[in-house]
Structures are given as structure tokens and as C-alpha cells.
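Peer 1: Questions regarding the structure given below will be posed in turn.
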Amino acid sequence: MQANLESTSKPKITVRKIIIQYRTLLILAVLMVIFTLLRPVFLHPANLLAILKNMSYVLVAGLGMTFIITLGGLDLSVGSIAAVVAVGFALLVRGGFLPAIVAMLIMLIVAMALGFVNGAVSVKGKIEPFLVTLATMNIYRGLALTLTKGKPVPIVIPYFADIFGNGRLFNLIPTPVVISLLLLLASWFLFTYTKFGFYVRSIGGNQEASRVAGIDIARIKITAYTMNGFFAFISGLILAALMNSGLPDAGRDLAMDSISGVILGGTAISGGIGTIWGTLGGCLIMASLNNGMSLLGAQYHVQILVKGLVIVLAVLMDNALKSKK
């Protein structure tokens, strides 16, 4: 009888459970095999570095989005904030009007203020974050278009492009990759080992219990959205450096790609469960998709169709994992 009890208490390891648990690695591996078979150049070191480089600004946005989604929220305006940062910086440094460092500090404050608005309106106005950020996504994008009249603003600062865009560490690793990995480590520590990270997970898991426990829910939520403005700021700088200009339509797919990467990485769309390292894997999936489909000559409308299907797949897997638990 005791043997029977022990056998029933042990969790069964099934193929379905393995697939759901390690879905990020499995999807990434399948994509790499498919694209390599169709286009062997996919695995060329230069192309792999290009994937990492193009993934950098998506990963940065995804790190901030991990906190937001784990909290039980959503931010659709991250790409628009990045666009405001890019065009704002380009305008401030144009013609030597302001030094680059001063312009960066100004745009950092602006980006965090825009993130603060998202959080404050949602919390104080008791409005769903989806609706708030859907509105601010258009407002901030409209601001970027208004500032530039819909035209790109060139940035002619060589060291700016070297630091945030086309430079290489040790003449090998693209500098945007270095920046994104440093932020990855900082985010992992903040998410895993600090009270703020614990509060984020607690609120996302059970908001009412967190309130009873004395956690200042409004403050944590507003702080998370403000911090997300910082991550959008870094993404905007990387985009501006990669393009050598402030583009008002920069980051148009950034929210979609970063949210997809976060969900594919294992963060629960319903909140409470998040993983920083999983976000890295999910963003690698999105970058591999973009790169592989480009190598295959897929047009833009096909790419967004596939990425939309990937989001549906990720949510289905997330629901399957929750039902299994």
C-alpha cells in the first residue's frame, strides 16, 4: 500500500508536459532547423550575429514588458515611446543644438514620463492597461509624426552610432548586443532578488492577497510602467543609431514583437509567472523568424501574418500549461 502511495505521489513525466515546459527551446530549435534546410546561409556566423544585433532592441523592450505582463498588465505604446525618443534625440542634436549627453538625459526623462502617464492613468483612472496604452500608442506616435512632419531627421554623430548601433566590441560583438545583455543581467537580478521583483510577481499572482499583505499596489504598478519607459528609451536609442536618423515610424512592430517574445519565453499572459531568461529565448525566436522569412523573400504582410499565428500558438501553450498545473 505504501508503495502504491509513493507511486501515485510522484509526478508523471509525459511528452506533452516536456513539450509545454520546454516550448521555447523546442520552437527555437525547430525554426533553426527549418531555416537552415531552406537557406543554409542562416547558420553562417555573420548572419547569426545579424540576428542578435537586430534582436537587441526587441529584447530590451521585452525585458521591461516582462515586468509589465507578470504584473498582469500590458503596454502597447512601447514602440511609440521609442519613436518619440529617436526623433526627439535627433531634433535636439541637429545642428549641434545640444550635446548628445544632454539630449539623452532629456529624452530619458521624457520616456520615463510617458511611461509614468501610462501607469498613472491606468491605476488612478481605474482603466484597463490595454485600453490606456492602446490610446497612448496612437498619441505618442502622433507626437513623433508631428515633431518631424512625417520625415526622418538625420543624426550625424559617429560615436553615437558606434556605441548604440554599428560598433563592435573586440571587433566582433555588435555593441547593441552588449547593451541588451547587460540590461538582461540587471533585469534578471531586479526581477529575481529584489523586493520590487517579488512584489511584481505577487501582485500578478493574486492582487487581493497582495493588498491584504500591505503591498502598495498602485505604487508598484506605476513604477513598473515608468521603468518600462526607460527600456523604451534604450530601444529608441538603438533604433536611432541603427538607422542613423530619427524615424517617426520607428518601432512600429516593437510592441508586437516584444510581447510575443515575452509570452513565448514562458511569462504567463494572465500574470504572476515571469522569466527573464525565457524572454531572451522568446526574443530569439522572433528575431529568427524575421531573419529567416527575410532570407526566404517573404513580404511584410506574410511576416506579420506568421508572427500573429506565433502569438496565438504561445497563448495556447500558456493556457495548456496552466490547465496542466
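Rule-based calculations on the coordinates, nothing more; no lab input. In this text, all values refer to a predicted model and were calculated from it rather than measured experimentally. In this analysis, Cβ positions are derived from the backbone assuming ideal geometry, glycine residues included, and neighbour counts consider all displayed protein chains.
Peer 1: Could you tell me the distance between the Cα centroids of region 91-156 and region 164-198, to the nearest Å?
Peer 2: Using only Cα atoms, the two centres lie 23 Å from each other.
Peer 1: For R168, which sequence-distant residues (separation of 5 or more, or a different chain) have an amide H within less than 5 Å of its own amide H, given hydrogens modelled in the peptide plane?
Peer 2: Under 5 Å from the amide H of R168: T175.
Peer 1: Springs between alpha-carbon pairs under 10 angstrom, Gaussian network model over the chain: which of G72, G125, G167 fluctuates most?
Peer 2: G125
Peer 1: Continuing with the same structure: Let me have the relative contact order for the chain, percent, based on Cα pairs under 8 Å that are six or more residues apart.
Peer 2: The value is 33 percent.
Peer 1: In sequence order, what are the phi-derived ³J(HN,Hα) couplings for region 262-274 according to the Karplus relation 6.51 cos²θ - 1.76 cosθ + 1.60 with θ = phi - 60°, rounded to whole Hz, with x for glycine and proline?
Peer 2: Karplus-based 3J(HN,Hα) across region 262-274 equals 5, 5, 4, x, x, 6, 6, 5, 7, x, x, 10, x Hz.
Peer 1: Just add up the charged neighbours of L289: K/R +1, D/E -1, any other residue whose Cβ is under 11 Å from the Cβ of L289.
Peer 2: My count for the surroundings of L289 gives 0.
Peer 1: Give the angle, between 0 and 90 degrees and rounded to the nearest 10, that separates the Cα long axis of helix 45-70 from the longest principal axis of the Cα atoms of the chain.
Peer 2: Once rounded, the angle reads 70 degrees.
Peer 1: While we're on this one: Nearest 10 degrees, 0 to 90: what angle lies between the long axis of helix 217-243 and the longest principal axis of the chain (Cα atoms)?
Peer 2: 50 degrees
Peer 1: Report, to the nearest 10°, how far helix 175-193 tilts away from the longest principal axis of the Cα atoms in the chain, using its own Cα long axis and a range of 0 to 90°.
Peer 2: For helix 175-193, the angle is close to 40 degrees.
Peer 1: Under a 5 Å amide H to amide H cut-off, with H placed in plane at 1.01 Å, what residues pair with S245 once short-range neighbours are removed?
Peer 2: I155
Peer 1: Region 237-264 to region 44-80: how many Å between their Cα centroids?
Peer 2: 8 Å
Peer 1: Which far-off residues, 5 or more places away or on another chain, put their amide H under 5 Å from the one on T267, with H placed in the peptide plane?
Peer 2: T275
Peer 1: Something else now. Tell me, I220, I259, I238 in order of fewest to most beta-carbon neighbours within 10 Å?
Peer 2: The most exposed by this proxy come first: I220, I259, I238.
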